[in-house]
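Student: Got a structure for you, questions after.
The values are calculated or read from the model by the stated rules, or taken from the named source; none is laboratory data. Note that the structure is a prediction, hence the values are computed from the model and not measured. With ideal geometry, Cβ positions are generated from the backbone for all residues, glycine too; neighbour counts draw on all protein chains shown. For the accessible areas, the whole protein counts, side chains as well, though only heavy atoms, and no ligand, DNA or RNA atoms are used. Shrake-Rupley method; radii C 1.70, N 1.55, O 1.52, S 1.80 Å.
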Amino acid sequence: MTAIDPTAHLTAEQIEELGRELDAIRDEVIADRGEKDAAYIRKVISAQRKLELASRGVLLFSIFPPAWLLGTAGLSVAKIMDNMEIGHNILHGQWDWMRDPKIHSTTWEWDHVSPAEQWKHSHNELHHTYTNVIGKDNDLGYGIMRVDEDQKWHPFHLGQPLWNFINACFFEYGIAAYDLELAKNLHKRRRRNPEFRARAKAVGRKIRKQVLKDYVIHPLLSGPSFLTTLAATFTANLVRNIWTHSVIMCGHFPEGVQVFERQSVKGETRGQWYLRQMMGSANISGSRAMHFMTGNLSHQIEHHLFPDLPSNRYAEVAVKVRALFEKYELEYVTGPLPKQVFSAWHKVFRLSLPNKKPKVKTPAREKEFAAA
Amino acid sequence: MVTTPLLPSDYLDLVSPLRAGADLRGRIEAVHPETGDAATVVIRPGRGWRGHTAGQYMRIGVDVDGRRLWRAYSITSPTDRQDGRITITVKAIPDGKVSNHLVHRATPGTLIQLDQPTGDFVLPHAKPAKVLYLTAGSGITPVMGMLRDTEFDDVVMVHCAPQPQDVIFRNELHDLVADKNLRLTEVHTDTDGRLDIARLGELVPDWAERETWACGPAGLLDAAEEHWTEHGVQERLHTERFRPRIVVAGDGGEVTFSATGKTVGADGATPLLDVGEEAGVLMPSGCRMGICFGCVTPLKAGAVRDLRTGEITEAEPGVLIQTCVSAAAGPCDIER
Ligand SMILES: Cc1cc2nc3c(=O)[nH]c(=O)nc-3n(C[C@H](O)[C@H](O)[C@H](O)COP(=O)(O)OP(=O)(O)OC[C@H]3O[C@@H](n4cnc5c(N)ncnc54)[C@H](O)[C@@H]3O)c2cc1C
Ligand code: FES
């Protein structure tokens with residue numbers, strides 16, 4: 001872990017007790033899930049669809065600036081709702097318990113260029129299991145950035161503020177590439193791997209459909225407003241990309257968030273796993289509207305502890321989780337959005353340069369490097 | 001293309017869920033109490049409804065506490081009901097999730113999921129000369145569908161219920177009797193004791209000559225099948241069961257639903273269908289009692305036990321199991 005271990009004061013028993021207390025919080029919500037929650041997600045989905053439809057309707061007249069503004073704003077919000085509160089959370093299986101085949105992690109598809117199936121694998125299986133484990137969790141800098149002192153510096157990292165900015169603007173493509181593990185798979189030998197090719201084809205198909213809808217069909221339907229509608233959908237996608245990128249950066253990059261060595265997760269107990277999620281995530285504080293627009297990923301800590309609890313419950317869970325942080329004397333990393341975004345960007349800039357002075361390596365870390 | 005990744009129907013569903021071409025749904029339009037624990041639910045089916053044959057059942061998917069549960073119910077309305085609505089009649093059973101919801105809590109206006117009617121507990125095309133209906137409790141429902149649909153010259157009915165006030169459709173049955181369209185014997189088991197099939201001849205002397213439709217609890221139907229077989233007239237007996245005959249249970253195991261990526265522990269008595277549904281896996285289902293094969297699913301690994309026979313099925317490529325009557329027999333992997 002980075003510098004000093006902020007969990008060093010906990011005994012093994014305390015960590016397991018913490019795990020049991022978290023299990024109890026989880027069980028309570030699960031026992032209480034029901035009609036109201038189901039009504040919530042149906043309402044959100046229905047609102048999203050109406051908003052998207054209405055915004056695209058308004059954009060048919062996007063040649064008039066007020067229509068352009070209104071339609072673009074509406075479509076941006078609709079796309080954010082689709083990706084965050086709806087898509088991300090459904091694909092986590094948060095609503096599977098309803099057994100509605102129309103709102104289920106195995107059938108849902110989202111307004112995003114990465115096919116749901118691939119995203120679920122890289123996000124749910126890899127990122128959520130190996131949260132913030134260097135070399136295992138590719139979300140840690142997406143393989144293009146250095147986000148912790150413990151990651152080795154390379155001259156390539158000098159450009160990382162720029163890489164990060166480009167990634168923010170085209171975030172959905174970044175995610176698709178990342179879900180494909182493009183960097184790793186572009187080596188000649190792997191490129192011919194039939195499994196990779198099938199997945200790449202699926203992404204190609206999805207991109208084609210998305211692009212056709214946003215940049216050909218809807219602009220064409222707008223007739224004389226062709227160009228302005230094209231600009232509107234491009235802008236909406238850009239807004240959605242930058243927004244989701246910012247929210248997600250705030251989840252694991254701000255100062256105070258811990259990263260972990262590969263070694264430290266071997267044979268992890270339930271309690272230790274929980275502890276890693278607690279120390280490896282950061283929240284965003286703010287209004288209800290802000291929580292909603294982040295898909296409740298503003299409750300990143302709670303989401304990482306209980307990735308499959310319905311998102312509308314994270315707010316109430318957060319109160320109990322925060323009390324546990326206090327009880328066990330752990331730091332609950334949270335702050336308003338601008339502060340967290342700044343903190344994350346600050347880190348991206350800072351770590352684009354090599355570490356100031358060589359850090360004292362603990363024996364454990366020496367061993368890890370020797371093994372690597 | 002215009003709506004990708006959604007379909008146009010996803011938007012149309014927002015405004016017109018019962019339209020032609022939509023997934024089959026229905027809207028509850030009224031709930032009429034029949035007895036203290038039974039009620040008739042009036043449903044307006046979607047445009048895709050194909051119509052039923054008297055005696056058939058349909059599956060309905062109801063959201064109870066936010067969870068979709070599917071159950072089978074016999075259709076009690078006649079096939080030619082003028083207003084196009086259909087009815088089912090439900091008896092609430094202790095701790096029953098769906099039956100209690102429908103009888104006590106369902107409200108008009110609620111959307112439910114429907115499936116096309118099915119079942120071969122129906123009347124033949126050629127009218128038999130003499131008919132016997134042998135029913136008990138909620139087992140009267142498919143027979144009521146028949147009585148309301150088709151008149152026969154000679155119909156006898158033997159119906160069992162604990163007390164007179166527990167007899168569903170009692171007034172309507174008595175009207176049929178008054179109009180000489182039905183001869184009815186009510187057996188009130190609280191006072192008369194259980195119907196002893198061996199003494200059915202005392203109530204209906206010519207029972208063996210009658211084409212018979214029987215529906216009720218397993219005990220009654222098992223006894224009837226034995227009795228009819230003993231007298232060599234088993235081809236005259238048609239039965240409808242609401243529950244499978246469960247004979248065995250053994251040790252359970254860990255069940256993996258590999259397509260959904262969930263693993264849960266299961267005992268050896270709970271059908272895998274229930275195990276999967278409880279875990280939030282999308283399990284196909286039908287009658288939930290081993291007759292329709294609507295629930296068949298590939299068994300990828302491990303072994304399962306057929307709850308009706310105790311027979312063990314082991315995974316092999318291409319092996320399909322009926323999840324509604326199979327339980328885990330050790331660790332297994334179900335492709336859902
Ligand atoms: C072809 C077919 C037609 C049917 N038609 C009708 C009908 O017209 N009217 C009607 O009321 N029901 C009918 N049923 C039964 C119905 O499908 C449900 O099984 C019943 O309503 C109980 O569901 P539940 O969700 O309330 O009970 P659950 O919550 O599933 O079960 C609660 C408890 O009751 C037990 N149980 C389940 N079913 C029964 C039962 N039938 N009798 C006694 N105990 C039971 C269970 O083992 C469990 O312990 C029919 C079933 C079939 C297969
Ligand atoms: S659901 Fe009908 S056979 Fe299993």
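Student: Would you mind checking the pairs A:Lys184/A:Lys356; A:Lys320/B:Lys262; B:Lys127/B:Lys180; A:Lys79/A:Lys120; A:Lys152/A:Lys356; A:Lys266/B:Lys300 and listing those with alpha carbons more than 21 angstrom apart?
Tutor: Among A:Lys184/A:Lys356; A:Lys320/B:Lys262; B:Lys127/B:Lys180; A:Lys79/A:Lys120; A:Lys152/A:Lys356; A:Lys266/B:Lys300, the Cα-Cα distance tops 21 Å for A:Lys184/A:Lys356; A:Lys320/B:Lys262; A:Lys266/B:Lys300.
Student: Am I reading the B/A interface right? What is its buried accessible area, both sides, 1.4 Å probe, to the nearest 100 Å²?
Tutor: Buried area between the two chains comes out at roughly 2500 Å².
Student: Shape of the stretch B:131-241 from its Cα gyration tensor (a ≥ b ≥ c, root eigenvalues): rounded if a/c is under 1.5, otherwise prolate when a/b > b/c, or oblate?
Tutor: Oblate is the answer for the stretch B:131-241, as a/c is 1.5 or above yet b/c matches or exceeds a/b.
Student: Suppose we compare each residue of the stretch A:39-60 in its chain alone and in the full protein complex with a 1.4 Å probe; which ones drop by at least 10 Å² of accessible area?
Tutor: By number: A:Arg42, A:Ser46, A:Arg49, A:Lys50, A:Glu52, A:Leu53.
Student: Need one value: the accessible area of A:Trp153 in square angstrom, 1.4 angstrom probe, rounded to the nearest 10.
Tutor: 80
Student: Tell me, what is the Rg over Rh of the protein assembly as shown, with Rh the Kirkwood radius over Cα pairs?
Tutor: With Rh from the inverse mean 1/r over Cα pairs, Rg/Rh is 1.06.
Student: So which trypsin sites (Lys or Arg not before Pro) in the stretch B:196-254 pass both tests, a DSSP loop state and at most 16 other Cβ atoms within 10 Å of the Cβ?
Tutor: Those that pass, being in a loop and sparsely packed, are B:Arg245.
Student: Go through B:Val15, A:Val211, A:Val317 and list them by solvent-accessible area, largest first, probe radius 1.4 Å.
Tutor: Reading off the accessible areas and sorting them downward yields B:Val15, A:Val211, A:Val317.
Student: Assuming R0 = 35 Å, what is the FRET efficiency of A:Arg208 and A:Glu125, from their Cβ-Cβ distance, to the nearest 0.05?
Tutor: Rounded to the nearest 0.05, the efficiency is 0.85.
Student: Let me ask something else. Just tell me the longest site-free run in chain A, where the sites are trypsin sites (Lys or Arg not before Pro) in a DSSP loop having at most 12 other beta-carbon atoms within 10 Å.
Tutor: In chain A, the maximal stretch lacking such sites is A:1-151.
Student: Hey, another quick one. Leaving out ligands and nucleic acids, note down the accessible area per residue over chain B with a 1.4 angstrom probe, in whole Å².
Tutor: Accessible area per residue: 46 Å².
Student: Based on Cβ point charges of +1 for Lys and Arg and -1 for Asp and Glu, what charge dipole magnitude is obtained for the protein assembly as shown about its Cα centre, in debye rounded to the nearest 20?
Tutor: Details: 83 positive and 88 negative charges, 827 e Å.
It comes to approximately 3980 debye.
Student: State in Å² the accessible area per residue of chain A; use a 1.4 Å probe, count heavy atoms of protein chains only, and round to the nearest integer.
Tutor: It amounts to 46 Å² per residue over chain A.
Student: May I ask you to derive the relative contact order of chain B, considering only C-alpha pairs under 8 Å and at least 6 residues apart, and to give it as an integer percent?
Tutor: So the answer I get is 13 percent.
Student: Taking all protein chains together and a probe of 1.4 Å, list A:Tyr130, A:Tyr314 from the most accessible to the least accessible.
Tutor: A:Tyr130, A:Tyr314
Student: Among A:Pro194, A:Ile175, A:His123, flag the residue with its Cα farthest along the positive direction of the charge dipole of the stretch A:110-202, charges on Cβ as +1 for Lys/Arg and -1 for Asp/Glu.
Tutor: A:Pro194
Student: Tilt of helix B:218-230 relative to the longest C-alpha principal axis of chain B, in degrees (0 to 90, nearest 10)?
Tutor: 60
Student: How large, in percent, is the carbon and sulfur part of the accessible surface of the protein assembly as shown at a probe radius of 1.4 Å?
Tutor: Of the solvent-accessible surface of the protein assembly as shown, carbon and sulfur hold 57 percent.
Student: While we're here: Suppose accessible area is computed on protein heavy atoms with a 1.4 Å probe; arrange B:Trp49, A:Trp119 from highest to lowest.
Tutor: These residues rank, largest area first, as B:Trp49, A:Trp119.
Student: Hey, how many Å between the Cα centroid of the stretch B:1-79 and the Cα centroid of the stretch A:68-107?
Tutor: The distance from the Cα centre of the stretch B:1-79 to that of the stretch A:68-107 comes to 25 Å.
Student: Considering only DSSP beta bridges with both partners in chain B, what is the antiparallel share in %, to the nearest 5?
Tutor: 65
Student: Follow-up question, since we're still on this one. 222 nm [θ] for chain B, helices only, -39500 (n - 2.57) per DSSP H run of 4+, per residue, to 500?
Tutor: Details: 8 runs with 59 residues, N = 336.
The per-residue figure over chain B is -4500 deg cm²/dmol.
Student: For the protein assembly as shown, give the share of DSSP beta bridges that are antiparallel, in percent and rounded to the nearest 5; count only bridges with both residues there.
Tutor: Close to 65 percent.
Student: Among the GluC sites (Glu not before Pro) within the stretch B:108-198, which fall in a DSSP loop and have no more than 13 other Cβ atoms within 10 Å of their own Cβ?
Tutor: In loop regions of the stretch B:108-198 (DSSP not H, G, I, E or B), the sparsely surrounded GluC sites (Glu not before Pro) are B:Glu151.
Student: List, by residue number, every residue in the stretch B:2-48 with a reduction of 20 Å² or greater in accessible area between the chain on its own and the complete protein assembly, 1.4 Å probe.
Tutor: B:Val2, B:Thr4, B:Pro5, B:Leu6, B:Asp10, B:Tyr11, B:Leu14, B:Asp23
Student: Something else: Report for the stretch B:253-334 the percent antiparallel among DSSP-assigned beta bridges with both residues inside it, nearest 5.
Tutor: 85
Student: Just tell me which aspartates and glutamates come within less than 15 Å, Cα to Cα, of B:Lys130; anything on the same chain fewer than 8 places away is out.
Tutor: Result set, ordered by chain and number: B:Glu151, B:Asp153, B:Asp154, B:Asp206, B:Glu209, B:Glu211, B:Glu235.
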